[in-house]
Amino acid sequence: MAQRKKTSVSRRRVLQGAAAAAGTLPFIHVPHSLAAEEAIGNWPTGAKGSSVFVGVTTPLTGPYSADGIDHLKGYQLAIEHLNEGKGLAAHVPSFKGKKGLLGKKIVYKNADTQTQPNPAIQAQTNFITQDKAIMIAGSLSSAVAIAIEKLAQRYKVLNMVGCSGANETTGVDCQKFAFRSQPSAYMAAKALAPVLGKEIGRNKKAIYLVPDYAYGHSVEHSTGEFTEKELGWKSLGSQVYPFGKTTDYSSYLLNIANSGADVFVNVAFGGEAVASIKQAKQFGIFDKMKMVVPNISAFQGKELGPEYMGGVYGTMDFWWTLSETNPMAKIFVDTFHAKFNYRPSWPAHIAYTQMMVWADAVARAKTFNPAKVIAELEAGHKLQMPLGEVWYRKEDHQQVRAVPVVVGKTKAEMRNEDDFFKIVGLTPGPEVMPPDFLGCKMPTSI
Amino acid sequence: MSAAPSRIGARGVAWWPVLGMAAFLAAFPYVIPYLGGSLDTANRILDWGLFGLGFDLLFGFTGLLSFGQAAFFGVGGFVASYLLVAPVTGNALLALLVGTVLAAAVGVFVGYLSLRRAGIYFAMLTLAFGEMFYFLDISPLAQWTGGENGLAGVPAPQFGFGFGATSPFGVYWFIAILFFFGFWFALRLIRSPFGAVLRAIRDNGERAAAVGHDVPKYKLTVFVIAAAYGGLAGGLLGLLQGYMPPDAFYLETSGQLVVQTIIGGAGTLVGPLVGAAVWLDLYTVLQNIAGIGALWKMILGVIFVLLVTTFRRGLCGVVVLLWWRATTSSPPAGSEAEAPPPSDLIPPPAEPVIRVSRPITGSVVLATRNLSKRYGGLAAVDDVSFELREGEVRAVIGPNGAGKSTFFNMLASVIPPSAGTIEFKGANITDLGTIRVCQLGIAKSFQINQIFRSLTVRENLRVPAIARTYGKFHPSMLKTVGHDAAVNVRIDEAAAAVQLTDRLDTPAAALAYGEKRRLEVGLALATEPQVLLLDEPTAGMSPAERADTVRLLKRIGAGMTIVIVEHDMDVVFGLADRITVLFNGRKIAEGTPEAIQANPDVRAAYLGSQAAHEPA
Amino acid sequence: MGLTVIFGALGVVNFAHGALYAVGAYAGFVTYEYTDSFVAAMAAGAIFVLIVGIVIERGLIRLYYQRPPEDQILVTFGIGIVLVEGLRAIFGGLNRNLPAPSWAASIVNLHVTLYPIYRIDVLVIVAVVLALLYVVLYRTRLGLIVRAGIEDQLMVNILGINVTRTFLTVFGLGAMAAGFAGVINAPIVTVSPDMGADVLVQSFVVIVIGGVGSFWGAVVGGLIAGEILSLAAMIDPAYSDVMLFAAMAVVLILRPQGLFGVQGRQ
C-alpha cells in the first residue's frame, strides 16, 4: 500500500516562489508609477475602437472537451448578454439598461487548448499581441490557469481565471493581474467538513484515493485537515495512483474495500473519477461505506447517473438548483437552458459570472485601464450573483463566495433529466477563506 | 521512400539555399503581420522548424520514423529552463548548450535501445520511450520540472554589454540566428559523405551495410543529432515564452512534429518550417470559422491522411513538382516516363578499366572448412569445404534446394554458419558480419536487385565508393561529397566498368532492367573488392541482355577473383574457370567446366531433382 | 491489461488501434442503449469495427502495401486522429457509461477477498478468446495464412499466397479484436473518445516484451506487464509506468527480438 507523506504537497513551493519572483519580463516596458493615463499592457490601444477584445481559451478536444465546451458556452452567453443588455447584465446596478460595456461591443475568440498549457499560452499570446485583448479568460485545469495567470502578469493584461481549484492559483502563484472565483481545495474542504459531520457523523474512519499530483495531494491534505480537526475523523491512509494514465484501479480499490473504513474519499477528477467510481461500485464498496468526492467534476452526475452518484457527498462551484432559491441564479440558468437546451454546469457558471464581475468593475472604474479595474476589484465591492453576494479579497485575489455542498440524488428523487444533486449546504464565503492566504504575497502596486 | 530523388548533393555547392534562407529570415518578421500572424507566431514557426530540421534528417533523409521526439524537446527545454530559473546560471547560451547536450545524451540512450528494431517497431519503441520521459517529468522529477504545472519565469536571454533578446524583435533575431545555423549545418550534413550514406540507408539499409557501411552507427549518430536539434528547440521554447510547459513531453508534441513535417514535405529541410506555418495558421483560422470549432483537428487529420496518400513529399514536394512541370519538358527525376535507351547498343570498351591491384600468385584467398548450416533438423548446407584461388572465376551450381544461396550467404557473412569456418587470406572471418567482411574486400551482388532506387546512378555508386574511401564509419559532416576527388574517381571507374557512364545522372528507378542489373553489379564493384560474389547476375534478363552481361562479366573477371551462383548453364560455362556442384547441401563435384559436364553424379543430381521440389 | 494480449497475439500493431478500440466501445454503448443486451453490444462492437477495419483496409491501407512500412504508420496515425475526433463530433466529449451486464454485476467472495464477478468474467472471456485465437491461428489454414502475414509480409508476397486476402484478414481480425476489447473493457473504464490512447502504448510494450507475432510471447508479455504495473504501484505509484518502460528497455538490451520472438525478424 502506498502511503505518501502529506507534506509532499509543498515540495515545489520554493521553486514556484522563485519562478514567480523571476516571472516579470520586460517585454513590454511599463512604468512602475501609477500615473493616471499611462499605457498599461494593451490599454489604451485595445480600448480605442468601437469594440474591446476578450481572449478565451478552453479545451474543445482532449479529455476535458465536454467541460471545456460548457465553459465556452458560459462566455458566449455572458458576452451576448452584456452586448445586448440582457440576462444578468440587465440587473447589475453599475451597467443595467446599457448595451455593451462603456459603449463598446465585446468581441471574443476562442482557441482549443486540448487541456494543455502550451496551446493556451500560444493562443493567449496571440490574442494579446495581435488582437490587443483587454482581458483574457478560460482554463480547465490549474496547470493551464496558473500558466495563463503568469502570462497575463507578464503582458500586464487582466486575467479573470477560469476553472481552477488548486490552492496555488490564489496562493503561492497568485498574480496582481489575475482573479479567481472557483473555491480553492482549501475552501471546498472547509465548506464540506461541517456538512459531512451533520450528514455522516463524527469520529469516522476515512480512506483516500488520490491521484499523484499537486492538486490531488492538496485536496487530500485539506480534506484530511478539516475532517480530523473538526469532526474527529481518522485517516486510514491513502491509495495513491499515478495521475493521467491509470485506467484500472482494482489494486487500490481492493485495499479500500478491505480497509474497514466508513468513508471513502475519492479525490480523482474528470474521467478518472468516473472510472474509479464505476469500478468501486463493482467492488461493492458502496455497500460498506459512504463516498465523498471533495470536488465533483462538471458532468459527473450525467456521466455516471444516479445509480452511482446517489448518496455521494461533495462540493461544486455551482449547481443549477440554486435557481430555485436565488433570483440571479434563476436568470442565469433559465437563459442558458433556453439557448443551449440543457442546464448549465459549473464551468459555464464560472465563465458567466467572471465576465459579469469584470464588467461591473470596468463599469465602476469607467475605464478599461487594468490598473483601475484591478483597484475596483480589490476594493471588495459586493455584487449580487447566482451564488448570492460575491466580492474579491485584495490580499490574494480569491473571490469570497458561498460554497455549495451537495449530495447525489437517487433515481426516484430526480425531477428532470439534469436533476442529479441536492444542495445540502451553502457555506458562506467568509467562513471558508484561508486566513494565511496560502502563501500569496500580493504586491501593493502594479 | 521518396518519389523524387533529392536534388541536393550533386556536384558543386549551390549557395542559393543558404542565401535564400538568410533572406527569408531577414524578411519574415516584416512580412508576417501581413499574413495575419504576430512576431510570437514567427518565433514559434521557427522553433518548430528547428525541431523539425533534426526530425527531417532522421525521417526525411534516413527513413527513421520516430514518435518520441518530444522526449528530447522536453529534456532540452526543462534542463535549460531549470538552469535559468533556479538559477544555476544567468547565461542563456550556456543553459541552451547544456540542455542540448543532455538531450543528445538522452538520444544516445533512447537511440541505442530503439534502433535495435526497425520499421513499425522502431516507431513503437520511440513512442514508448517518449511516454516514459513524460512519466518521469510529471511525477518523479516534479520537484525540478514543476510537474504538471511546468516551469514559469524563464528570463529573457541576456548576453552582457547591453546585448540581449529582451524585445520581441530581439527574441526573433536570437531564434532566427540559431535557426540559420541549424539550417546551414543540416544542409552541409546532407551534402556530406555522411549525408550520402544516410540517404542510402533510407532507401535500402541492408544494401548500405552490404557495401561496408556501419549502418547502426550511422543511424545512432543521426538519431543523436536529431535529439540535439530537439533539445535546442525545446530550450528555445522556454526562452521565447518565458515558460516551459509540461506538454513538451506529451505524445501530441511528437505527433504534431510528424504531421507538420509530412504536411510541409519530408526530406526537404524546409518542409518542417512550411508545415509548422501551415499547422499554426490552420489551427487559428479553422477554429474561427463558424461551425468548425472543435472539428479543426479532424480536418487537419483528413488533410494529413490525404497528403500521405497522394503527395508523399508534402507541400514542398507539390511545389517542386509544379516547378518541374513549368520549367522543363521532361518530368522530374523519379518518374518512370523517361524512356531508357536500349542497353545492348552500348559498345563495349576496349579494355577493363576497373582498378584492382592483385598479384597473380594463385594463392588461396577464400576458403571454407566443413561449413554447415542447419535449420532445425534440416541441413541446408552440409560439411562443405572449398578453396578459391586468386584470379579464379568460380561458379557454384546445383538444382533447386541444393543449398547454393545458403552457402553463398554464409560466404558474404549474411547468415552465420551452424558449424565450420570461413577464412579470408588465412584469417578466420566466420562471424565478422557483412559490414566488416565487405570492408575486408568481399563484396556481394544480389540476386534480386538491391539498388538505391530513389538515388541517381552516380549517387548509387557513391555509396560503396564512400565506404571504400572512408571506411565503415566516418563522421565527416561538413565536407561536400561532390568535391571528393577520391570518391569521384571510384564512381567514374565503377560506372565505366558496368557501362553506365552515360546514365550517371539518371535516377536508378528509371533505368531499364538490364541497366539496373548492371548497377547492382556496379555497387559491389565500387567497393573495389578482392573477391566478388555474384548471385545470379543474369536472373530475369532477356537473351540479348544476358549475352551483354556475360561479355561484361568476362571483362571484369579478367581482373579479379569471382564466385558466381547461376542457373543459366550458358553463363556458367562461358565464364567459370572451375565449377563447384552442390546437391542436397553437400558438395558432390568440383572441377573444370569440361570435367563437370562429363560427371555422371552431376547429371544424376540434375535429373533426379526434377521430381523433388523444395524452395531454394 | 489482458486485452493487450489479444493485440499482441495477433501481432497487429497499427497506430489507429487505440481509435478502433474506442469505436468498438461506442458501438457497444449505442447497441446497449437500444437493446439493453450486453451480448448484443459485444457482437455489435466486434462486427462494426470489423466492417470499419475492412473499409479502411480496402479504402486506404491497400494502397500502402507497396510503400515503406513508415508510410503505413503515418496513415494509421492520421486515421486514428480522424476516428477519435469523429467520435467526439458525433457523441461529444462526455464520458459515457456502459454498465456491466446484470449477470455479472455482483461480487464474489473469494475467501481472501471480494472480487467483482465482471472482472472474473473478463478474464474468462479473454481466456476463451485467446483459446479460440490459438485454435484459429495454429490449427486452420486461415491461421497459417494469417501467421505468415504477421510474421513475414515479404515472404507472403514472394510466395504468392493470395496477398490481398491475407492482409485484409490480418487487418480485419486486428480491428475486430480492438473493437471487441473496447466493448468488454467499457464497463470497467469510461467510454470516451480518448480512451484508446493508453491501450495503444501498453499494447506496444507488451508486444516488445513478448516478441512480435508470438502467441505465447504476447501472453507472457501481458502477464509481466500487468504484474510490473501493479507491483510498482504498490511500492511507489510515481514510478509504476516508468518501471514498465524500464522492463521493456531491459528486454531490448538482453533480447532485442523479445522474450519469445524469433531472432532476425525485424
Taking the conditions exactly as written (surrounded by fewer than 24 Cβ atoms within 10 Å (Cβ to Cβ), touching a residue at least 24 places away in the same chain (Cβ under 8 Å) and part of a helix (DSSP H, G or I)), does B:F135 satisfy them or not? no
Residue match in segment B:77-87 (condition: more than 14 Å from chain C (Cβ to nearest Cβ), out of contact with any strand residue (DSSP E or B) (no Cβ under 7 Å at 6 or more places or on another chain) and in a loop (DSSP other than H, G, I, E, B)): yes
Which ones in segment B:309-329 are open to solvent by 40 Å² or more (accessible area, probe 1.4 Å), within 14 Å of chain C (Cβ to nearest Cβ) and part of a helix (DSSP H, G or I)? B:T310
Do we have any residue at all in segment A:309-332 that's surrounded by fewer than 23 Cβ atoms within 10 Å (Cβ to Cβ) and closer than 23 Å to C:A186 by Cβ? yes
So B:S114 passes all but one of these: (1) within 13 Å of chain C (Cβ to nearest Cβ); (2) open to solvent by less than 20 Å² (accessible area, probe 1.4 Å); (3) within 30 Å of A:N167 (Cβ to Cβ); (4) polar (S, T, N, Q). Which condition number does it fail? (3)
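Looking at segment B:16-34 only, could you name the residues that are of a type in the set (V, I, T) and open to solvent by 60 Å² or more (accessible area, probe 1.4 Å)?
Correct list: B:V31 only.
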Hey, among the residues in segment C:62-109 that are open to solvent by 30 Å² or more (accessible area, probe 1.4 Å), away from chain A (no Cβ under 12 Å) and of a type in the set (D, E, K, R), which one's nearest to B:S66 (Cα to Cα)? C:R67
Given (1) under 18 Å from A:V161 (Cβ atoms); (2) open to solvent by 30 Å² or more (accessible area, probe 1.4 Å); (3) touching a helix residue (DSSP H, G or I) at 6+ places or on another chain (Cβ under 7 Å), A:E378 misses just (3)
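Across segment A:233-276, which residue is least open to solvent (accessible area, probe 1.4 Å) among those that are at positive phi and modelled with pLDDT of 90 or more? Talk me through it step by step, then tell me what you get.
Keep residues of segment A:233-276 that are at positive phi, which gives A:237, A:244, A:260, A:270.
Checking the rest, the ones that are also modelled with pLDDT of 90 or more come to A:237, A:260.
Working: A:G237: 9, A:G260: 46 Å².
By that ranking, first place goes to A:G237.
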Flagged in segment B:560-597 as open to solvent by 30 Å² or more (accessible area, probe 1.4 Å), of a type in the set (A, V, I, L, M, F, W, C) and farther than 17 Å from B:P537 by Cβ, in numbering order, are B:F583, B:I588, B:A595
Looking at (1) within 14 Å of chain B (Cβ to nearest Cβ); (2) of a type in the set (G, A, S); (3) surrounded by fewer than 23 Cβ atoms within 10 Å (Cβ to Cβ), which is the only condition C:A40 fails? (1)
If you take the residues of segment A:278-309 that are within 10 Å of chain C (Cβ to nearest Cβ) and assigned to a loop (DSSP other than H, G, I, E, B), which of them is nearest to A:N255 (Cα to Cα)? A:F283
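Please indicate, with yes or no, whether at least one residue in segment B:35-49 is under 29 Å from B:A208 (Cβ atoms), open to solvent by less than 10 Å² (accessible area, probe 1.4 Å) and either of a type in the set (D, E, K, R) or assigned to a helix (DSSP H, G or I) (or both). Give the derivation first.
Taking segment B:35-49 first, the residues under 29 Å from B:A208 (Cβ atoms) are B:49.
Next, only the ones that are open to solvent by less than 10 Å² (accessible area, probe 1.4 Å) stay: B:49.
Restricting the remaining residues to those that are either of a type in the set (D, E, K, R) or assigned to a helix (DSSP H, G or I) (or both) gives B:49.
Yes - at least one qualifying residue is present in segment B:35-49.
Could you tell me which of the residues C:V52, C:V75, C:V122, C:V128 is touching a residue at least 24 places away in the same chain (Cβ under 8 Å), of a type in the set (A, V, I, L, M, F, W, C) and over 30 Å from A:G260 (Cβ atoms)? Outline the logic, then answer.
Numbers: C:V75 fails: touching a residue at least 24 places away in the same chain (Cβ under 8 Å); C:V122 fails: over 30 Å from A:G260 (Cβ atoms); C:V128 fails: touching a residue at least 24 places away in the same chain (Cβ under 8 Å).
That would be C:V52, the only listed residue that is touching a residue at least 24 places away in the same chain (Cβ under 8 Å), of a type in the set (A, V, I, L, M, F, W, C) and over 30 Å from A:G260 (Cβ atoms).
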Only one of (1) more than 12 Å from the chain's Cα centre (by Cα); (2) modelled with pLDDT of 95 or more; (3) of a type in the set (S, T, N, Q) does not apply to A:Q182, and that is (1)
Determine, yes or no, whether A:E230 is of a type in the set (D, E) and open to solvent by less than 30 Å² (accessible area, probe 1.4 Å). no
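Filter segment B:217-269 down to the residues that are aliphatic (A, V, I, L, M) and assigned to a loop (DSSP other than H, G, I, E, B), then identify the one that is nearest to the other protein chains (Cβ to nearest Cβ).
Taking segment B:217-269 as the starting set, the residues that turn out to be aliphatic (A, V, I, L, M) are B:220, B:222, B:224-228, B:232-233, B:236-237, B:239-240, B:244, B:248, B:251, B:257-259, B:262-263, B:266, B:269.
Adding the requirement that they be assigned to a loop (DSSP other than H, G, I, E, B) leaves B:266, B:269.
On the way: B:A266: 9, B:L269: 18 Å.
Looking at the filtered set, the residue picked out is B:A266.
In segment A:250-263, which residues are assigned to a loop (DSSP other than H, G, I, E, B) and at the interface with chain C (Cβ under 9 Å from one of its Cβ atoms)? Spell out the reasoning first.
Within segment A:250-263, the first condition is being assigned to a loop (DSSP other than H, G, I, E, B), and the residues that meet it are A:258-262.
Matches in segment A:250-263: A:N258 only.
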Subset of segment B:423-438 [at negative phi and open to solvent by less than 60 Å² (accessible area, probe 1.4 Å)]: B:E423, B:F424, B:A427, B:I429, B:T430, B:L432, B:T434, B:I435, B:V437, B:C438
Given (1) within 12 Å of chain A (Cβ to nearest Cβ); (2) assigned to a helix (DSSP H, G or I), C:I51 misses just (1)
Conditions (1) open to solvent by less than 20 Å² (accessible area, probe 1.4 Å); (2) at pLDDT below 80; (3) out of contact with any strand residue (DSSP E or B) (no Cβ under 9 Å at 6 or more places or on another chain); (4) within 14 Å of chain A (Cβ to nearest Cβ): number failed by C:G143: (4)
Could you list all residues from segment B:271-308 that are buried (at least 17 other Cβ atoms within 10 Å of the Cβ) and either charged (D, E, K, R) or over 30 Å from A:N118 (Cα atoms) (or both)? B:K297
How about segment B:426-447: which of its residues are touching a helix residue (DSSP H, G or I) at 6+ places or on another chain (Cβ under 9 Å), part of a loop (DSSP other than H, G, I, E, B), at pLDDT below 90 and not hydroxyl-bearing (S, T, Y)? B:L432, B:G433, B:F446, B:Q447
Which of (1) under 16 Å from A:G201 (Cα atoms); (2) without any contact (Cβ under 8 Å) to a residue 40 or more places away in the chain is the odd one out, the single condition A:D262 does not satisfy? (2)
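Given the residues C:F180, C:F204, which is the only one that is aromatic (F, W, Y), within 12 Å of chain B (Cβ to nearest Cβ) and surrounded by 24 or more Cβ atoms within 10 Å (Cβ to Cβ)?
Working: C:F180 fails: within 12 Å of chain B (Cβ to nearest Cβ).
Answer to the check: C:F204.
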Looking only at segment A:192-214, decide whether some residue is buried (at least 24 other Cβ atoms within 10 Å of the Cβ), assigned to a helix (DSSP H, G or I), assigned by TED's automatic domain parsing to the domain that holds A:G55 and in contact with a strand residue (DSSP E or B) (Cβ under 9 Å, 6 or more places away or on another chain). no
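The values are calculated or read from the model by the stated rules, or taken from the named source; none is laboratory data. It should be emphasised that the depicted structure is a prediction, and the values quoted were computed from it without experimental measurement. Here Cβ is always computed from backbone atoms with ideal geometry, including for glycine, and neighbour counts include all displayed protein chains. Side chains are part of the model used for accessible areas, which takes the heavy atoms of the whole protein and leaves out ligands, DNA and RNA. Shrake-Rupley method; radii C 1.70, N 1.55, O 1.52, S 1.80 Å.
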